[in-house]
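Participant: Next up is a structure, given as structure tokens.
Where a number appears in this text, it was derived from the coordinates with a stated rule and is not lab data. Small disclaimer: the values here were computed from a predicted structure and weren't measured.
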Amino acid sequence: MDRDSRPGYKVAGIDRRNFLKGTGAVVAASTLGTAGGKVVAQNEPKVFTKNLVSSDPGKIVLRVNGDEHELTLEPRVTLLEALRIDLGLTGTKEVEETTAAGADTVLINGKPVLANSRLAIECEGMEITTIEGIAADDSIVVGLMQHDAVLCGYCTPGFVMALKGLFNVNPTPGPAEIDSALGGNLCRCGAYANVRASAIELARRGGEN
Ligand code: FES
């Protein structure tokens, strides 16, 4: 889907960017009040001259699954949008434009991060790994398959990346650590017990197939 045609990016025909510009005018206007019929300034408007980020598109380089991609993106673009829309890496899932389900989990510098919670420009210079960067015979993927933990499969990329982040730092996690690592991932098919069993089995073997 084209980014600007997504729900939430248009407000009564005005795109989000121009809407925000408009609200800036309202904020400026709200600093004015009246006294005896005369308009007076209530607060000095703040003028920011440093650390401003332009809303115009700019070039950034994202390193994803070992490859560098030069993209021209507006600062508002999330990492999830850049991956799915600009790079066509649709294995990282979006759930109702929120990060609550964990299906958008990727690794940034080896740690699990929700891609919808980061702007793409924040991730320049970092090593991003998506489900497309995980081999089909990866021990976590194989374990999920063996334990019948992939039903519709929509949540699976998020679970794989969350487990990857855990096993990256601890190849023998205990059940409580597994539960904590998977706490932000939802599965609408209810495969939690199977996912958990696959992780416990993998931990028992030290993270190896
Ligand atoms: S397997 Fe369907 S949402 Fe988890």
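Participant: Compute the length gained on full extension between Glu127 and Leu151: take 0.36 nm times their separation in residues and subtract their Cα-Cα distance, giving the result in nm to one decimal. Walk me through the intermediate numbers first.
Facilitator: Working: separation 24, 0.36 × 24 = 8.64 nm, distance 2.98 nm.
Length gained, Glu127 through Leu151: 5.7 nm.
Participant: Length gain on complete extension for the stretch Ser54 to Glu70, per 0.36 nm per residue less the alpha carbon to alpha carbon distance?
Facilitator: Going from the current span to full extension adds 3.9 nm.
Participant: Can you pull the semi-axes for region 139-204, root of five times each eigenvalue of the Cα gyration tensor, sorted largest first, whole Å?
Facilitator: Whole-Å semi-axes of the equivalent ellipsoid: 17, 12, 10.
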